[in-house]
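To keep things clear, I will list the structure first and then write my remarks on it.
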Amino acid sequence: MADLLHQTDERNSAAPADSGRPNRRRLWALMQDAGKRRRFVDLALDYGIYVLLVGLLLYFSFASPYFLSVRNLFNILLAVSVTGIIAAGMTVALIAGQIDLTVGAVIGLTTVITSSLVYYHGFSFLAGVLIALVIDVLIGLLTSLLVVNLAINSIIATLAMTLVIQGVALILANGETIPMVNLDLVHFINARPFGIPIPVIGLLIAFVAGFILLNYLRLGWHIYATGGNPSAALRAAIPINRIYRFVFLLTAFLAGIGGVITAGMAASGSGAYGVGEEFDVLAAVLLGGIGLSGGSGRIERTLVGVLIVGVVNNGLVLMNIPSFYQDTVKGFVLLLAVVMSALRYKRSSR
Amino acid sequence: MQQPMRRFTPFLMSLALLLTLALSACGSTDTQAVNNGTGTFTPQEVDQATGVYHVVPVYAVPKHLPKKYKLAFINPDLSVPSFQAWSQGMQAAAKFYGVTLIQTDVQHHFENEDSAFQTLAVQNPDVVGAHPGDAALLAAAQADGIPLITMDNQVPGALFFGIPDNGFGSLGGQALATAAQQKLQSDWKGRNLVFVGLDADPCDACNARVKAGLAAVRQSLSVSDANALDVNGYGPTDHPQATMTDVLTAHPNDVFIVLPINDEYGVGALQALQSANRLKDGLVVTLGCDAAGQQALRNADYNGSDIGCVDANPWAEGWNWVEAAIATALGHNYQAYNVHRVITSAQINQIYPQG
């Protein structure tokens, strides 16, 4: 194309200036500028989320003298650890073309099971945690049966399961908050090996494992293929049902881990814990540009989305901004990220 | 063409980090003394400063403070009128006494109290408060050497300020029992009396109020277990209204005394009675006397059904919490908060003039 234009340009340069034919050299210059602009916009949309995070860090550093302390930076990571761990699993689920809304309810149920086994039945915290996690995985299995075997839409199936799980949690706890009388779990969750809080270590492990899964393992490629085009994946002999079962087991397990951390940090269990957490998780994942249609997305962008939510929450509190404004600001940030993601998708599909 | 951006991004991020690290070295801490005169603030000065709320101090705050104390409070949910009133009272008191107040709002996610504390703690507050608070929060505060004063909920080992839920519920129950006794000798003669505790689960403080209310009622009236309902109305006003509607449907011929956990639940119960055209079958006392409770008392439709509100005066409670926190920072004691009155429709405009 460029050669053709160049040749045309040479022929045109011999023509008289007032011949009325279009100036190809000028046209080529204009096209190059438009191309540069297009490439800049594409890059801005691709990397905008990183720039947004850096921008927020800069802004809050100016706005509050307490923001950039080591303690506060760890506070941000600690505050988003539960959401982040679950968001890692939700990313995998969304890439596979599924969604799991039970994660918040599973947190509450896990805290209730863990604390009630310790409080009422004298179990050790380790036994309480293991039993709770097994139950969480069984919940994931049940969800997968509904979605895979009965072909119920995952949004509907997991919404219904959420109500059931929350009810069970409230029944088990008798509507009360169960204190964690054995503090071994509390001490464990609050420990800081090498100065790093245990929940933050869990967050890093979740994302590193997710990154390896999605980028280096065959299972990860199958997850992308299944989410991108389930029919084509099936014809390519990819076991899509097994993929779906795996993602629901994964999200339930990671929600259980989130519940264990919550029980340790709150030193208690309650059916009210984790209510609405699924929306915080989805907000962070969508902020990272993971599409709801499946088949695409990068888990490291989810981590950036999680950090953006944590930075905004933390910074606004340090600035003493009332919580009502915080929700509005978070909404705008999410809106900005979602718009950028939509524009990026639109441009890439041209 | 991605190469320029690839080179540019790390540079931009490094520059940003360097700048912010440099900026982090610049901080300001306000350690200057606060001087409002000599002696202490008198009750008359506090009464004049607090207008319609007529706050009675729980501690005589000195006019000269050795430093500008920083008080932190973890609000349970600013969208709830009582908790919003706490916050407003605290802010007014902080301004009046010359201290700094920093707040955060956990929006009813009590499992995040510890995380909220950590965010406030980086600002080095002198005292921190919370509702309800828990053992984990206390441990975190103690680890930082910051005294914790819980509000309206007692946590073993922590300082306490506010309304003991038992006393709150008990006062409401006594008011209900007195009004019901008169009704049972006249309009309600021969009818079956049902106690309805409009509760919220899981909420230990709420459960305590309802249980204490029922116990107070049972000191004067005979209420069997079958006629003592503890129902969950968790949510904004329309939720307890729906719950109360279900109770009315299940008891078509009975009469009711209703003890809700707060004003909004009480208004929900009154709306349910009104919708069912059964206001004459119910007596409701609300707990708190915040805006919703005050308006219900002014509503002529509820005369005879809404017997009053137990006045928590949350705005004053917030103001007093600041006084308690200053006392704690100075190493002094403070008096307990006193809930002692039920405000009726005849008194509401005198005590809380509208507007």
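When you scan segment B:157-168, do you find a residue that is under 22 Å from residue B:100 (Cβ atoms) and of a type in the set (Val, Ile, Thr), even just one? The answer is no, given that none of the residues of segment B:157-168 is under 22 Å from residue B:100 (Cβ atoms) and of a type in the set (Val, Ile, Thr).
Just to be sure I understand, how many residues within segment B:108-136 are more than 10 Å from chain A (Cβ to nearest Cβ) and either without any contact (Cβ under 8 Å) to a residue 24 or more places away in the chain or among the β-branched types (Val, Ile, Thr) (or both)? Of the residues in that region, 2 qualify.
I need the full set of residues from segment A:105-158 which are under 25 Å from residue A:83 (Cβ atoms) and outside any helix (DSSP H, G or I), in order please. Listed by number, the list holds a single entry, A:153. Take segment A:68-95 and flag every residue that is within 12 Å of another protein chain (Cβ to nearest Cβ) and either crowded, with 24+ Cβ neighbours inside 10 Å or under 19 Å from the mean Cα position of the chain (by Cα) (or both). Within segment A:68-95, A:75, A:76, A:77, A:78, A:79, A:80, A:81, A:82, A:83 qualify. Residue count for segment B:138-149, restricted to those that are touching an Asp or Glu at 6+ places or on another chain (Cβ under 9 Å) and either within 23 Å of residue B:311 (Cα to Cα) or modelled with pLDDT of 95 or more (or both): 2. Going by the conditions given, is residue B:82 outside any loop (DSSP other than H, G, I, E, B), of a type in the set (S, T, N, Q), within 14 Å of chain A (Cβ to nearest Cβ) and out of contact with any Lys or Arg (no Cβ under 9 Å at 6 or more places or on another chain)? No, not satisfied.
For the criterion of being closer than 28 Å to residue A:223 by Cα, surrounded by 15 or more Cβ atoms within 10 Å (Cβ to Cβ) and modelled with pLDDT of 80 or more, residue A:309 passes. Look at (1) in a helix (DSSP H, G or I); (2) surrounded by 23 or more Cβ atoms within 10 Å (Cβ to Cβ) and you find that residue B:285 fails only one, number (1).
The rows are residues; the columns are (1) outside any loop (DSSP other than H, G, I, E, B); (2) facing chain B (nearest Cβ under 10 Å); (3) surrounded by fewer than 16 Cβ atoms within 10 Å (Cβ to Cβ).
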site	(1), (2), (3)
A:160	yes, no, yes
A:163	yes, no, yes
A:166	yes, no, no
A:176	no, yes, no
A:181	no, yes, yes
A:185	yes, no, no
A:202	yes, no, no
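The criterion of being buried (at least 24 other Cβ atoms within 10 Å of the Cβ), within 14 Å of another protein chain (Cβ to nearest Cβ) and either over 20 Å from residue A:340 (Cβ atoms) or not β-branched (Val, Ile, Thr) (or both) holds for residue A:266. All conditions but one from (1) surrounded by 24 or more Cβ atoms within 10 Å (Cβ to Cβ); (2) touching a residue at least 60 places away in the same chain (Cβ under 8 Å) apply to residue B:253; the one that does not is (1). Of all residues in segment B:258-297, none satisfies the criterion of being within 20 Å of the chain's Cα centre (by Cα) and of a type in the set (Lys, Arg). When the residues of segment B:298-337 are filtered to those that are under 14 Å from the mean Cα position of the chain (by Cα) and part of a loop (DSSP other than H, G, I, E, B), the one that is farthest from residue B:266 (Cα to Cα) is B:337. Taken over segment A:226-243, residues that are in contact (Cβ under 8 Å) with a residue 60 or more places away in the chain and either surrounded by fewer than 13 Cβ atoms within 10 Å (Cβ to Cβ) or of a type outside the set (A, V, I, L, M) (or both) amount to 6. Number of residues in segment A:204-227 that are over 18 Å from the mean Cα position of the chain (by Cα) and part of a helix (DSSP H, G or I) equals 7.
Residue count for segment B:81-102 satisfying the condition of being touching a residue at least 12 places away in the same chain (Cβ under 8 Å) and under 9 Å from the mean Cα position of the chain (by Cα): 5.
Taking residue B:105, is it of a type in the set (Asp, Glu), surrounded by 18 or more Cβ atoms within 10 Å (Cβ to Cβ) and within 9 Å of another protein chain (Cβ to nearest Cβ)? Yes, satisfied. Residues of segment A:288-296 include none that is closer than 18 Å to residue A:103 by Cα and either within 14 Å of chain B (Cβ to nearest Cβ) or in a helix (DSSP H, G or I) (or both).
The values are calculated or read from the model by the stated rules, or taken from the named source; none is laboratory data. These figures come from a predicted structure and were not determined experimentally. Note that each Cβ is placed from the backbone with ideal geometry, even for glycine, and that neighbours are counted across all protein chains shown.
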